[in-house]
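Novice: Dropping a structure here in structure tokens format, bear with me for questions.
The values are calculated or read from the model by the stated rules, or taken from the named source; none is laboratory data. Since the model is a prediction, treat every value here as computed from it, not as a measurement. Backbone-built Cβ (ideal geometry, glycine too); neighbour counts: all protein chains shown. We work out accessible area using only protein heavy atoms, side chains counted, and drop any ligands, DNA or RNA first. Shrake-Rupley method; radii C 1.70, N 1.55, O 1.52, S 1.80 Å.
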Amino acid sequence: MPKDLYTASVHVVGGREGRAVADDGLLDVAMAMPTALGGPGKATNPEQLFAAGFAGCFASSIKFSAQGMKLDAGRVEVDGKAVLLANDDGSFGLKVQLAAKVPGLSGDARDKVIAEAKRVCAYTNATRGNVPFELTLL
């Protein structure tokens with residue numbers, strides 16, 4: 001049975017044209033519809049926040065996996081994209097594109113660490129089978 005480790009709590013008022021505030025006050029951001037969707041931009045949006053969370057979690061999962069294998073991944077970098085999709089039925093979806101740099105590893109060692117990172121990452125586990133996921137290794 002899963003064990004709760006941490007709960008992030010955020011209160012949002014106004015949706016995409018509003019504000020998101022974490023219960024600890026460390027996250028307090030205005031949100032706005034991006035200009036690409038006809039909005040004013042000039043503030044973050046849910047897709048940027050999701051991309052940041054996914055990329056951050058995956059980078060940590062690479063480091064965690066490498067440490068578990070007694071390997072040094074070096075300074076891991078992950079660029080994340082969350083792409084908003086318009087489905088044929090009028091609903092919306094997402095796809096995720098990550099580009100990871102693992103300078104301390106190459107070849108089979110890097111491949112094994114990446115496979116383990118995909119297995120342990122909370123975001124890949126939460127979205128597997130529901131959100132298209134693309135990973136490029138730099």
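Novice: Which option, (1) 17.1; (2) 16.7; (3) 20.1, is the value of Kirkwood radius over Cα pairs in Å that was calculated from these coordinates?
Specialist: Read-out from the structure maps to (2).
Novice: Moving on to the next point. Nearest 10 degrees is fine. How inclined is helix 107-120 to the longest principal axis of the chain, computing both from alpha carbons?
Specialist: For helix 107-120, the angle is close to 50 degrees.
Novice: So which lysines pass the test for Lys95, namely a Cα distance under 30 Å, with those fewer than 8 places away in the same chain ruled out?
Specialist: Here the lysines satisfying the reach criterion relative to Lys95 are Lys3, Lys42, Lys63, Lys81, Lys112, Lys118.
Novice: Hey, in the GNM for the chain with a 10 angstrom Cα cutoff, which one of Lys101, Lys70, Lys81 fluctuates hardest?
Specialist: Per the Cα network of the chain with a 10 Å cutoff, Lys70 tops the list.
Novice: Now, a different point. 5 Å is the cut-off here: which amide hydrogens, built 1.01 Å from N in the peptide plane, fall below it relative to Phe133, excluding neighbours closer than 5 in sequence?
Specialist: Val96
Novice: Turning to a different aspect of this structure: Using a 1.4 Å probe on the protein heavy atoms only, what accessible surface does Phe92 show? Give it in Å² to the nearest 10.
Specialist: 150 Å²
Novice: Assuming a ≥ b ≥ c are the square roots of the Cα gyration tensor eigenvalues, decide whether region 1-40 counts as rounded (a/c under 1.5), prolate (otherwise, with a/b larger than b/c) or oblate.
Specialist: Verdict is prolate for region 1-40.
Novice: Using amide H atoms built 1.01 Å from N in the peptide plane, name the residues 5+ places from Met31, or on other chains, whose amide H lies under 5 Å from its own.
Specialist: Hits under the 5 Å cutoff: Gly18, Arg19, Ala20.
Novice: A follow-up question, please. What FRET efficiency comes out for Asn130 versus Ser106 if R0 is 22 angstrom and r is the Cβ-Cβ distance? Round to the nearest 0.05.
Specialist: 0.10
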